[in-house]
Each structure stands twice: as C-alpha cells, then as structure tokens.
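Worksheet for the structure shown next.
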Protein chains: 2
Amino acid sequence: MSFPVPHHDHGACVRAAMAAAEEQCRRRGARLTDIRRRVLELVWGSHQPVGAYALLDALAKGGWSAAPPTVYRALEFLQAHGLVHRIALFNAFIGCARPGHHHAGQFLLCSGCGSAVELEDAKVDDAIIAAAARNGFSVTRQTIEIEGVCATCRAKGQEQ
Amino acid sequence: MSFPVPHHDHGACVRAAMAAAEEQCRRRGARLTDIRRRVLELVWGSHQPVGAYALLDALAKGGWSAAPPTVYRALEFLQAHGLVHRIALFNAFIGCARPGHHHAGQFLLCSGCGSAVELEDAKVDDAIIAAAARNGFSVTRQTIEIEGVCATCRAKGQEQ
DNA sequence: GGATGATATGTTATAATATAACGTCCGGTA
DNA sequence: TACCGGACGTTATATTATAACATATCATCC
C-alpha cells in the first residue's frame with residue numbers, strides 16, 4: 001500500500017501474503033496446490049515484479065522439474081484468484097497484498113529500486129470512470145502503471 | 001480524442017496524421033525517411049493497435065524487404081518523436097493523433113471493435129499525480145490502458 | 001474399495017515478440 | 001575527396017508465451 005522501506009522484515013510480508021492466499025482459496029474452494037503455493041512464494045521473494053522465466057529458474061534450483069507451461073498455469077491460477085497481478089510494461093508478475101479486497105490494478109513502479117507498489121486510489125478510479133463515461137465508454141478493467149521514483153531512491157539520488 | 005464512428009472518412013485521418021508527422025519532424029530536424037513514413041502509414045491503417053510483425057508482413061506485401069529490426073527501429077523512432085504509442089497490454093502500436101501536444105498516454109481499448117482511443121484527461125492526470133505524491137512518488141511516465149466497451153459496440157450488443 | 005469424471009500436471013514442440021551484433025550505404029561537411 | 005555519423009541490411013538469437021496431447025491426482029458416487 002505504501003513503499004517498502006529498504007530493510008523491513010520481508011519474511012512478515014511473505015507470511016502475511018501466504019496466509020491471505022490460503023484464506024482466500026479456502027473461502028473460494030480453490031486448490032492452492034504445491035506448485036501454485038511455491039510459485040506464489042517465489043513471486044513474493046521481493047517487492048519487484050518477477051518474470052515467468054525467472055520463476056522457472058528458481059523452481060528448477062529448488063529441485064522442481066518444471067517447463068514453461070507449469071509456471072504459466074500457476075500464474076494464471078494465481079491471477080484468476082487475485083493473488084498476483086501482471087505488470088504489462090515489464091511482462092512480469094507481482095504479488096497482491098490484498099486479495100479479495102477491491103483493487104483496480106494501479107501500480108507505482110520505481111525506476112530506482114524496481115519496486116512495485118499497488119495503489120487503491122478511489123479518486124483515480126473515479127476520474128477514469130468519469131472520463132471513460134464522457135466518451136460513452138464502459139470500463140471493465142484498468143491497467144494503470146505509473147513509472148517514476150520513490151522517496152527512498154530520490155533521497156539517495158540527491159545525496160550524491 | 002473520441003471514438004471513431006464505424007464508416008468515417010479514414011483517409012482524412014491518415015492524411016491529417018501524416019501531415020502532423022511531417023510538420024513535427026521538420027520542426028525537430030528529425031528525418032522521416034521512407035521506411036519510417038511507410039511504417040507510420042501502416043500503423044494508421046486503422047484505429048486498432050497493430051503488432052510489429054503485422055507491420056512487417058504489410059511491408060513485405062508492399063514489396064519492401066524487411067526484417068524485424070527494420071520495423072522495430074522505425075517504431076522506436078516514431079515513439080521517440082511521439083508519433084506512435086505502444087499499447088503494453090497488446091504488445092502493439094497505435095498512431096498518435098496529436099504529436100507534440102501534451103499527452104499522458106491514456107487509452108480506451110474497446111474489446112468489441114478493438115479500437116484504441118487516446119484520452120487527454122487532466123483530472124485523471126491530476127488524480128494520479130496526487131495519489132503518487134501521497135506515497136512520496138514522483139511520476140515520470142504513465143501507462144493507462146482502460147479496457148471496456150465503446151458506445152457503438154454496446155449499442156450493437158444490446159440490439160440482439 | 002473400485003469406477004468415473006473433473007481438475008491438475010508433465011512433456012514436447014512451437015508461436016509470437018524483441019534485440020544483439022556487425023557490416024554497408026548514404027548524405028552532409030571539412 | 002576524405003571523413004563522420006546516422007540509417008539501413010542481414011543474420012542470428014534472446015525472451016515471452018501457448019498449443020497439443022499424455023499422464024496423474026483428487027473427489028465423489030456406487
């Protein structure tokens with residue numbers, strides 16, 4: 001929801017995300033299988049979007065024999081249940097901290113540290129729906145990817 | 001700026017776009033070469049985003065011998081000068097009707113007819129910059145791709 | 001427990017998108 | 001004319017994603 005500080009307790013992020021995912025799948029009767037769980041953990045390896053083939057490599061290092069479809073299927077499942085999002089600009093995937101919660105798919109992407117942060121901004125949402133309506137357009141899905149520099153990276157850049 | 005009606009005079013769209021491009025390049029001292037001009041015309045073949053390889057095929061049919069780098073270089077040039085935009089969701093390219101004009105890169109993408117329309121909505125822009133600022137984030141580029149259904153397609157869908 | 005159908009995964013091959021690397025040409029300029 | 005830099009040609013390859021089909025696993029019913 002806001003930018004991760006550089007040395008936060010990331011294990012807590014992962015545990016919270018995994019718990020939320022388990023809960024979400026239980027409620028929906030969806031099967032969070034071993035592979036899907038492992039891919040989700042790997043996506044949560046950082047707060048940066050991860051490519052499908054990086055996930056594939058990571059799986060392989062963990063001793064899983066996996067081909068591209070394995071990863072893409074897991075990602076498809078995770079996306080369908082709102083557990084990960086795809087960042088179109090990077091062809092990469094990022095974990096969703098609030099599955100189930102209404103989320104429009106708004107991301108801030110820091111070019112300094114590569115972090116992606118999901119936004120849930122009603123005003124942005126409203127402005128987009130209003131602008132669309134003014135053009136007679138009804139919205140089904142938004143992809144909002146905002147590139148820029150986060151506070152931490154800006155501070156680092158200036159101190160040099 | 002608003003959705004193209006189904007049987008408009010598309011030739012006029014193309015001529016206007018090409019004239020704007022020539023003007024823009026002249027002002028900037030940029031060389032709109034034969035290939036670049038041809039690729040731009042092909043991008044303007046419709047109001048739908050076109051893939052690089054579709055452009056490549058079209059070039060080939062016009063008797064140009066072209067390999068992928070030819071098209072990607074032309075597209076790179078055209079993007080650099082604001083003459084085309086890339087739609088990240090579709091890995092495809094669309095002509096810009098207002099090069100030079102301030103444009104944030106906001107698109108409405110109709111799932112019915114495949115048309116893409118560029119928006120220049122200050123309120124959306126403001127909402128995004130404000131939301132980013134609230135997170136300590138300074139924006140350098142926006143990618144806003146709104147999927148949905150345009151008025152024409154919605155009307156068609158309902159009459160069935 | 002065994003049969004059955006649906007879902008999930010394994011495996012191979014290939015499609016679709018994009019870029020690296022290097023050579024050549026061409027237009028302007030000293 | 002010699003040179004320089006940008007544009008283009010060409011070959012090869014990287015990266016991302018999916019098709020197609022076989023096999024395995026799970027839940028349920030009998």
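Brief remarks follow.
- Residues (touching a strand residue (DSSP E or B) at 6+ places or on another chain (Cβ under 8 Å) and of a type outside the set (A, V, I, L, M)) located in the range A:127-151: A:ASN135, A:PHE137, A:SER138, A:THR140, A:ARG141, A:GLN142, A:THR143, A:GLU145, A:GLU147, A:GLY148, A:CYS150
- Some residue of the range A:128-147 being closer than 21 Å to A:ALA16 by Cβ and more than 16 Å from DNA strand C (Cβ to nearest atom): no
- Residue in the range B:32-45 that is closer than 23 Å to B:GLU147 by Cβ and surrounded by 16 or more Cβ atoms within 10 Å (Cβ to Cβ) present: yes
- Any hit, the range B:85-97, residues being assigned to a loop (DSSP other than H, G, I, E, B), among the aromatic types (Phe, Trp, Tyr) and at pLDDT 95 or above: yes
- Among residues of the range A:76-89 being away from every other protein chain (no Cβ under 14 Å) and touching a Pro at 6+ places or on another chain (Cβ under 6 Å), the one that is nearest to DNA strand C (Cβ to nearest atom) is A:LEU83.
- Taken over the range B:31-63, the criterion of being more than 9 Å from DNA strand D (Cβ to nearest atom), more than 14 Å from chain A (Cβ to nearest Cβ), in contact (Cβ under 8 Å) with a residue 40 or more places away in the chain and not small (Gly, Ala, Ser) is satisfied by B:LEU40, B:VAL43, B:TRP44, B:GLN48, B:VAL50.
- Scanning the range A:19-63 for residues that are charged (D, E, K, R) and either under 21 Å from A:GLY105 (Cβ atoms) or part of a helix (DSSP H, G or I) (or both) turns up A:GLU22, A:GLU23, A:ARG26, A:ARG27, A:ARG28, A:ASP34, A:ARG36, A:ARG37, A:ARG38, A:GLU41, A:ASP57, A:LYS61.
- Filter result for A:VAL124 (buried (at least 22 other Cβ atoms within 10 Å of the Cβ), farther than 26 Å from B:VAL139 by Cα and either facing chain B (nearest Cβ under 9 Å) or out of contact with any strand residue (DSSP E or B) (no Cβ under 9 Å at 6 or more places or on another chain) (or both)): no
- Flag if B:ARG73 is surrounded by 13 or more Cβ atoms within 10 Å (Cβ to Cβ) and away from chain A (no Cβ under 14 Å): yes
- Residue match in the range B:14-26 (condition: modelled with pLDDT of 95 or more, more than 14 Å from the chain's Cα centre (by Cα), more than 16 Å from B:VAL84 (Cα to Cα) and exposed (fewer than 14 other Cβ atoms within 10 Å of the Cβ)): no
- Tallying residues that are within 14 Å of DNA strand D (Cβ to nearest atom) and not charged (D, E, K, R) within the range A:65-109 yields 24.
- Filter result for the condition that a residue is small (Gly, Ala, Ser), more than 9 Å from chain B (Cβ to nearest Cβ) and part of a helix (DSSP H, G or I), over A:ALA66, A:ALA133: A:ALA133
- Filter result for B:GLY114 (within 15 Å of the chain's Cα centre (by Cα), surrounded by fewer than 20 Cβ atoms within 10 Å (Cβ to Cβ), within 14 Å of chain A (Cβ to nearest Cβ) and not polar (S, T, N, Q)): yes
The values are calculated or read from the model by the stated rules, or taken from the named source; none is laboratory data. Given the structure is predicted, the values throughout are model-derived calculations rather than measurements. Here the Cβ is made from the backbone with ideal geometry for all residues, glycine too, and neighbour counts use every protein chain on show.
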